[in-house]
Amino acid sequence: MNHLVCTQCPAGFPDTDVRWRCECGGLLDLECETHFDFDQIARRPADMWRYREAIPIRSDKNSVSLEEGFTPLSSLKLEGKDILVKQDHLFPTGSYKDRGASVLISKAKELGVDYVVEDSSGNAGCAIAAYCASAGIECEIFVPESTSPAKLNQIKSYGARLNRVPGTREDTANAAMEAAQSHFYASHSWNPYFFHGTKTFAFEICEQLGWQAPDTVIVPVGNGTLLLGCEIGFRELLADQVIEKMPRLVGIQASGCAPLFHAFQSGAEDIAEFERQDTKAEGIAIAQPVRAKQILAAVRSSGGTILAVEDSDTLSALKDMALIGHYIEPTSAATIAGARKYLGCNQTSGETIVTTFTGHGLKYT
Ligand SMILES: Cc1ncc(COP(=O)(O)O)c(C=O)c1O
Ligand SMILES: [Zn+2]
């Protein structure tokens, strides 16, 4: 049976509870049974719900899906080397956040929730708003005032209530937490169901590689929804003996806001206070990621690393990708700049490396 467990105290809760955190205030994880039946999977449509036995929603009738996922895993030449890129900017709302939103809003529907609140730098807000629209659930999204206009329009178009909050990304999170006192918090950083959607990124990569794990996966990291989704997904595949090893997880941050990079470099278990500067990579500009300890532990135990990139390198990557036909947003380009950095300083011969485009360029005009 699936159940919720606290990361800070011994408490556990059934998956029928409408809750997003423990009584002690701690973050919750979801322990869940998974199973991979290759024949069944191969017969199903090419979307992320083909891994149905590994998605923690009890009844099919509660699945909220726009037939998302199974994005192309394409070749990409970077620094003269051949790597693979998962094109997750090709989701219905234009970012990989649809993976998490589809599962989280399915769970909200299963729990009978009729109103959710969420805070976001933009893309998670777009995804939650879209899946709520599909499920007929009312939705209120909090974003920083500085969020890209295209993302604001997109959130409003889905019929969500939009609150633009002055100040930092953390001020926005606090405003949503306040609203979450009386409503269900469909938070992509707090709610564990979101991560059981993003984990399908790992399942798809393995299937697309002939049920093999890659050696290295390079992803952006702010709140860590994709990085921790990778950790959960590959760990579940390992536990089911589908793969034989955990890939190295490499997280990319923007130098202007890189608390995880600094903590990783100094060997710390958690992030420290620091002075944030502006960055073009708005999606990963998270000064206080709530799952920082989990992210650092996941990267370390995989033998991976966290790198930070300058905006100038991000903008070069953005331009270079467009000039070979890939229109991505700056946050997404930061990952490509990070992949370049990784390739420039690591011995990679024979290494299967997967990176990703996480957000579409039309989001940031
Ligand atoms: C395009 C894009 N890539 C990456 C991320 C990073 O996700 P996370 O903060 O969960 O690590 C975001 C977050 O909003 C995003 O919008
Ligand atoms: Zn607790």
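The values are calculated or read from the model by the stated rules, or taken from the named source; none is laboratory data. This is a predicted model, so every value here is computed, not measured. Here the Cβ is made from the backbone with ideal geometry for all residues, glycine too, and neighbour counts use every protein chain on show. Each accessible area value is taken on the protein alone, full model and side chains, heavy atoms only, with ligands, DNA and RNA left out. Shrake-Rupley method; radii C 1.70, N 1.55, O 1.52, S 1.80 Å.
Some notes on this structure:
- Only one of LEU343, LEU362 that is among the hydrophobic types (A, V, I, L, M, F, W, C), away from ligand 2 (no atom under 16 Å from the Cβ), part of a helix (DSSP H, G or I) and open to solvent by 40 Å² or more (accessible area, probe 1.4 Å): LEU362
- The single condition among (1) more than 11 Å from ligand 1 (Cβ to nearest atom); (2) within 18 Å of THR358 (Cβ to Cβ); (3) part of a loop (DSSP other than H, G, I, E, B); (4) not basic (Lys, Arg) that ALA150 does not meet is (3).
- Taken together, the residues in region 214-246 that are in a loop (DSSP other than H, G, I, E, B) and either within 16 Å of ligand 2 (Cβ to nearest atom) or among the acidic types (Asp, Glu) (or both) amount to 3.
- Residues of region 84-116 classified as crowded, with 24+ Cβ neighbours inside 10 Å and either at pLDDT below 95 or more than 18 Å from the chain's Cα centre (by Cα) (or both), total: 2
- For region 155-207, a residue qualifies if it is in a loop (DSSP other than H, G, I, E, B) and of a type in the set (A, V, I, L, M, F, W, C), and the qualifying residues are ALA160, ALA180, ALA186, TRP190.
- Filter result for the condition that a residue is open to solvent by 30 Å² or more (accessible area, probe 1.4 Å) and in contact with a Ser or Thr (Cβ under 7 Å, 6 or more places away or on another chain), over GLU236, GLU269, GLU282: GLU282
- Strands (runs of 3 or more DSSP E) within region 1-115 that include 2 or more residues in contact with an Asp or Glu (Cβ under 8 Å, 6 or more places away or on another chain) and away from ligand 1 (no atom under 16 Å from the Cβ): 3-6, 73-78
- Number of the condition not met by THR172 [criteria: (1) surrounded by 24 or more Cβ atoms within 10 Å (Cβ to Cβ); (2) closer than 17 Å to ASP88 by Cα]: (2)
- Test: residue in region 60-77 that is of a type in the set (A, V, I, L, M), out of contact with any strand residue (DSSP E or B) (no Cβ under 9 Å at 6 or more places or on another chain) and open to solvent by 40 Å² or more (accessible area, probe 1.4 Å): yes
- Test: residue in region 47-54 that is over 30 Å from SER316 (Cβ atoms), surrounded by 13 or more Cβ atoms within 10 Å (Cβ to Cβ) and within 16 Å of ligand 2 (Cβ to nearest atom): no
- Condition met for VAL64 (assigned by TED's automatic domain parsing to the domain that holds ALA334 and aliphatic (A, V, I, L, M)): no
- Output for region 1-27, where each listed residue is near ligand 2 (Cβ under 8 Å from one of its atoms) and either acidic (Asp, Glu) or open to solvent by less than 80 Å² (accessible area, probe 1.4 Å) (or both): CYS6, THR7, CYS9, ALA11, CYS22, GLU23, CYS24, GLY25, GLY26
Conditions (1) within 18 Å of the chain's Cα centre (by Cα); (2) among the charged types (D, E, K, R); (3) under 19 Å from PHE201 (Cβ atoms), marked per residue:
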position	(1), (2), (3)
ALA239	no, no, yes
LYS245	no, yes, yes
LEU249	yes, no, yes
ILE252	yes, no, yes
GLN265	no, no, no
ASP278	no, yes, no
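- Taken over region 188-206, the criterion of being open to solvent by less than 10 Å² (accessible area, probe 1.4 Å) and either within 16 Å of ligand 2 (Cβ to nearest atom) or at pLDDT below 95 (or both) is satisfied by ASN191, PRO192.
- Qualifying residue in region 292-309 (condition: within 16 Å of ligand 2 (Cβ to nearest atom) and either closer than 13 Å to ILE252 by Cα or surrounded by fewer than 20 Cβ atoms within 10 Å (Cβ to Cβ) (or both)): yes
- In summary, LYS319 fulfils each of the numbered conditions (1) more than 19 Å from ARG169 (Cβ to Cβ); (2) within 17 Å of the chain's Cα centre (by Cα); (3) among the basic types (Lys, Arg) with the single exception of condition (2).
- Criterion (open to solvent by 40 Å² or more (accessible area, probe 1.4 Å), within 20 Å of ILE353 (Cα to Cα) and out of contact with any helix residue (DSSP H, G or I) (no Cβ under 6 Å at 6 or more places or on another chain)) met by exactly one of GLN241, GLN277, GLN212: GLN212
- Here ALA124 does not qualify as touching a residue at least 24 places away in the same chain (Cβ under 8 Å), under 19 Å from LEU226 (Cβ atoms) and either surrounded by fewer than 18 Cβ atoms within 10 Å (Cβ to Cβ) or touching a Pro at 6+ places or on another chain (Cβ under 8 Å) (or both).
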